[in-house]
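One structure below.
The values are calculated or read from the model by the stated rules, or taken from the named source; none is laboratory data. It should be emphasised that the depicted structure is a prediction, and the values quoted were computed from it without experimental measurement. Heads up, the Cβs are rebuilt from the backbone with ideal geometry, glycines too, and the neighbour counts pull from every protein chain shown. These area figures cover heavy atoms from the full protein model, side chains too; ligands, DNA and RNA do not enter into them. Shrake-Rupley method; radii C 1.70, N 1.55, O 1.52, S 1.80 Å.
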Amino acid sequence: MEPGDGSEEPPLPLVLARFELSEEYGSLLPEPLTELPAPYGPWMEIAHDLPQLITSHQLRSRVHQMPQLSTQHLHGREELHLAHLVLSFITMGYLWQEGEEGTVKVLPRNLAVPFWEVSQALGLPPILSHADFVLANWRRKNPHGPLEIDNLDTIIALPGGESLRGFILVTLLVEKAAVPGFKAIVEAVRAVLQLDEETLHRALQEMAEAIRDMNKALKRMHDHVDPAVFYAVIRIFLSGWKDNPAMPDGLIYEGVSDEPMEYSGGSAAQSTILHAFDELLGIRHSEESAAFLHRMRGYMPPPHRAFVEEIHRTPSLKQHVLSSGDTRLHVAFNQCVSALVDFRSYHITIVTKYITIAAAKAKDGRAEAGTKFGSSIEKPPSALEAKGTGGSHIFSFLKSIRDATREGMINA
């Protein structure tokens, strides 16, 4: 925290609602809208039929017939978020309908212009991000039922069937498990400012528990997502046009710019809670990893990004714990760091199964199928074999952030 000259306004208290976060939903969009106003029927019609339109190779021609719609009839955050979700899914389908060898260089005006305008209104990039794919893409089957996987469904889908649904909803359950973590972060920051060690100790325990619950939720991926379907079908639709060999020149948004633009695909690195934990616990990542993570903040809703930046400006929790000499605080702090290390280690396990092993099996399958059927076999994507959909070199990146987290422990 910067020393002031006495004339500055006192900082506003750290309250979740200021950042479009809540104690009930965390960073999830609360009860997202599932339908846009009537003028946007042409978008919704295509969006609700995306898996079939993509697999039958008809989406591009449907988009070319789509009317150019004005965004002026969209009102309020909920309608804008649903419009962004719909247009981002249509865009990903349009781009990747023919696989990584059949990409296009131009997003047509009738899709590009409204997508750009909605993106500008929300402060989000014109590409599918974690904020769309997970945070705004859920509905309850029974409106009065619980936020559990059996009572949840996605609003918009892509090819991948039950595995796609599982991938989105298990990621949503990880975000749901993180909800008490947001509350604990706010309590910890207040406790440091008020020198309230009891509250701080309790907040750190609650934070560690939330991270452990996130890890438990992540383990449900195995029950709901088939690695072969994730690797060969789903993953390409999360890929961006930055640091992607399949689209080396980026994408021209017709009617927006004559120059191609580059954006990263969806990534868990766009999740607000993980950045917030890092800032609070004082985790310091390597220069390369930190640069990538910082860039991913640009894919968060601006109020969520502001929350992370606000935590960065608060007094150092680690310094407070160190100077307190309180063994209980040392232990509780280290339990948070240790839980975060475990979560990041388990993420590596998931990536190994769903990308590395799945890629090897897909290659074997290609080789076998190639000898059987000649070269006409439809190929799983290979451009991002060693990269995440956000464009990072996935294993060096994940191991780097895991190891940097472990370095954040307080030594006795």
*Would you call SER289 surrounded by fewer than 16 Cβ atoms within 10 Å (Cβ to Cβ), more than 23 Å from ASN411 (Cα to Cα) and among the polar types (S, T, N, Q)?*
no
When (1) within 22 Å of SER119 (Cα to Cα); (2) surrounded by 15 or more Cβ atoms within 10 Å (Cβ to Cβ) are applied to HIS294, the one that fails is (2)
Matching residues in the range 312-343 (over 28 Å from ALA217 (Cβ atoms) and free of Cβ contacts under 8 Å to residues at least 60 places away in the same chain) number 5
Taking first residues from the range 264-282 that are open to solvent by 10 Å² or more (accessible area, probe 1.4 Å) and second residues anywhere that are small (Gly, Ala, Ser) and modelled with pLDDT under 95, the pairs with Cβ under 6 Å that are 6 or more apart or on different chains are SER267/GLY388; SER267/GLY390; ALA269/GLY390
Practice prompt. Answer with yes or no whether VAL229 is among the aliphatic types (A, V, I, L, M), in contact with a Phe, Trp or Tyr (Cβ under 7 Å, 6 or more places away or on another chain) and surrounded by fewer than 23 Cβ atoms within 10 Å (Cβ to Cβ).
Written response: no
(1) in contact with a Phe, Trp or Tyr (Cβ under 8 Å, 6 or more places away or on another chain); (2) open to solvent by 30 Å² or more (accessible area, probe 1.4 Å) all hold for PRO315 apart from (1)
Of LEU128, LEU95, the only residue that is open to solvent by less than 10 Å² (accessible area, probe 1.4 Å), under 21 Å from ILE234 (Cβ atoms) and in contact with a strand residue (DSSP E or B) (Cβ under 8 Å, 6 or more places away or on another chain) is LEU95
Query raised in the report: among the charged types (D, E, K, R) and over 24 Å from ILE401 (Cβ atoms), is that true of ASP258?
Result: yes
Going through (1) within 26 Å of CYS336 (Cα to Cα); (2) in a strand (DSSP E or B) one by one, ILE252 fails only at (1)
Practice problem: Examine the range 185-196 for a residue that is of a type in the set (S, T, N, Q) and either closer than 30 Å to MET92 by Cβ or surrounded by 22 or more Cβ atoms within 10 Å (Cβ to Cβ) (or both), and state whether such a residue exists. | Solution: no
Residue set LEU53, LEU74, LEU87, LEU80; condition farther than 17 Å from LEU122 by Cβ, touching a residue at least 12 places away in the same chain (Cβ under 8 Å) and of a type in the set (A, V, I, L, M, F, W, C); output residue LEU53
